[in-house]
Amino acid sequence: MGRWAIAVHGGAGIDPNLPVERQEEAKQLLTRCLSLGIAALRSNVSAIDVVELVVRELETDPLFNSGRGSALTEKGTVEMEASIMDGTRRRCGAVSGITTVKNPISLARLVMDKSSHSYLAFSGAEDFARKQGVETVDNEYFVTDDNVGMLKLAKEANSILFDYRIPPMGCAGAAATESPILMNGLPISIYAPETVGCVVVDREGRCAAGTSTGGLMNKMMGRIGDSPLIGAGTYASELCGVSCTGEGEAIIRSTLARDVSAVMEYKGLGLQEAVDYVIKHRLDEGFAGLIAVSNKGEVVCGFNSNGMFRGCATEDGFMEVAMWE
């Protein structure tokens with residue numbers, strides 16, 4: 001029997017001026033999700049089941065950008081995506097273009113368990129959901145007043161807004177003069193992707209990972225980011241489980257999640273060394289973060305952005321919820 005460990009994230013790249021009450025809400029949500037996962041692991045629930053359980057909780061709360069509260073497309077609708085992976089046999093499932101499924105992570109799990117495929121998208125994924133009898137809602141369920149307002153700002157700025165939780169004065173034009181740090185060409189003060197994810201290793205040494213997101217505010221219809229892409233936003237193997245967040249295009253180019261496992265396997269690096277290596281050498285000029293666990297019960301969070309919503313816990317009693325360095 002080994003040691004269990006768990007980590008959760010709510011996005012890399014945080015507005016330095018994020019209101020204190022919003023910071024506290026994020027910490028409370030991450031703490032609640034960690035506690036949910038810890039209780040399950042203490043009851044010997046498997047890693048893959050804990051990942052699904054925790055991400056469902058994150059999708060249900062509108063605070064972060066997944067499930068209810070997802071970012072809006074250019075047409076004011078929600079198109080969600082998610083992926084999950086079981087490292088034991090490297091089984092995986094992913095979905096994109098989800099518009100009615102209440103919990104996309106569970107649909108991704110069903111793709112893995114109940115289909116002969118690894119990835120379903122748009123109408124095909126929705127048809128599969130109906131056949132599987134998963135809970136569905138009208139697209140309006142996912143839309144919040146905050147997001148409607150931020151979409152209006154994004155359209156007025158003729159831009160994609162990454163952080164749609166900041167006050168109206170933080171629109172692209174105003175923020176451009178306040179911060180010299182850019183991500184995807186946009187000022188850091190308007191960048192906070194807020195994708196969610198969870199990684200778990202259970203007492204049997206089984207690693208699993210899952211990631212879920214609504215994407216970018218004012219994104220083009222049909223845009224797919226890194227979150228549903230196995231090897232980019234999500235990856236799990238016999239050695240580790242990884243979930244990424246940040247600049248989707250940079251994560252895709254670097255196959256960031258897979259690279260953590262690859263350098264552990266091919267270079268013989270430990271988990272901390274592997275995370276440090278890929279964050280430093282694989283992102284080029286991109287900004288991102290990730291959470292990772294190893295089959296030895298280790299847990300690591302790494303990022304090169306100005307912060308990342310994150311929390312982690314281990315069987316020996318360690319627990320941390322943090323945002324900044």
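Hey, could you get me the Stokes-Einstein D for segment 184-325, Kirkwood radius over alpha-carbon pairs, 10 °C and 1.306 mPa s, rounded to whole µm² s⁻¹?
105 µm²/s
Counting heavy atoms of the protein chains only and a 1.4 Å probe, report the per residue accessible area for the chain as a whole number of Å².
Per residue, the chain has an accessible area of 39 Å².
List the chymotrypsin sites (Phe, Trp or Tyr not before Pro) in segment 251-325 that DSSP assigns to loop (not H, G, I, E or B) and whose Cβ has at most 13 other Cβ atoms within 10 Å. Which are they?
Phe318, Trp324
Between segment 75-111 and segment 263-285, how many Å separate their Cα centres?
Result: 27 Å between the Cα centres.
Which value results for Rg/Rh of segment 22-87 when Rg is the Cα radius of gyration and Rh the Kirkwood radius based on the inverse mean 1/r?
A ratio of 1.05.
Run the 1.4 Å probe and let me know the accessible area of Thr31, rounded to the nearest 10 Å².
50 Å²
Taking the alpha carbon gyration tensor of segment 34-157, what are the square roots of 5 times its eigenvalues, largest first, to the nearest whole Å?
27, 18, 11
With a 1.4 Å probe and all protein chains in place, put Asp49, Asp146 in order of accessible area, largest first.
Asp146, Asp49
Give me the one-decimal Kirkwood hydrodynamic radius in Å for the chain, with the sum taken over alpha-carbon pairs.
Evaluated on the chain, it is 18.9 Å.
Within the chain, what's the longest run with no trypsin sites (Lys or Arg not before Pro) in a DSSP loop and at most 12 other beta-carbon atoms within 10 Å? Give the range, please.
The answer is 90-325.
Using a 7 Å offset from the Cα along the Cα-to-Cβ direction at both Arg91 and Asp146, what is the distance between the two label points in nm, to one decimal?
3.6 nm
For segment 216-294, what does the equivalent ellipsoid look like in terms of its semi-axes, each the square root of 5 times an eigenvalue of the Cα gyration tensor, given largest first in whole Å?
Sorted largest first and rounded, they come to 23, 13, 9 Å.
Here is the link list: Lys75/Lys280; Lys27/Lys102; Lys102/Lys152; Lys102/Lys296. Which ones come out longer than 28 Å on Cα distance?
Lys75/Lys280; Lys102/Lys296
Can you tell me the relative contact order of segment 195-304? Whole percent, Cα pairs under 8 Å, sequence separation 6 or more.
Contact order relative to length: 26 percent.
Compute the distance in nm between two label points, each set 7 Å from the Cα along the Cα-to-Cβ direction, one at Ser123 and one at Glu25.
For the pair Ser123/Glu25, the computed spacing is 3.7 nm.
How do Val55, Val148, Val137 stack up against each other in accessible area, from largest to smallest, with a 1.4 angstrom probe?
I get Val148, Val137, Val55, largest accessible area first.
What is the projected area of the convex hull of the Cα atoms of segment 262-305, averaged over all directions, in nm²?
For segment 262-305, averaging the hull's shadow over all directions gives 2.9 nm².
Averaging over all projection directions, find the projected area of the Cα convex hull of segment 85-162 and quote it in nm² with one decimal place.
6.6 nm²
Compare Glu249, Glu79, Glu140 by solvent-accessible area with a 1.4 Å probe and give them largest first, with all protein chains kept in place.
Glu140, Glu249, Glu79
The values are calculated or read from the model by the stated rules, or taken from the named source; none is laboratory data. The structure displayed is predicted, hence computed values, not measured ones. As a convention, Cβ positions derive from the backbone with ideal geometry for all residues, glycine included, and neighbour counts pool all protein chains shown. In case anyone asks, the SASA skips ligands and DNA or RNA and just uses the protein heavy atoms, side chains included. Shrake-Rupley method; radii C 1.70, N 1.55, O 1.52, S 1.80 Å.
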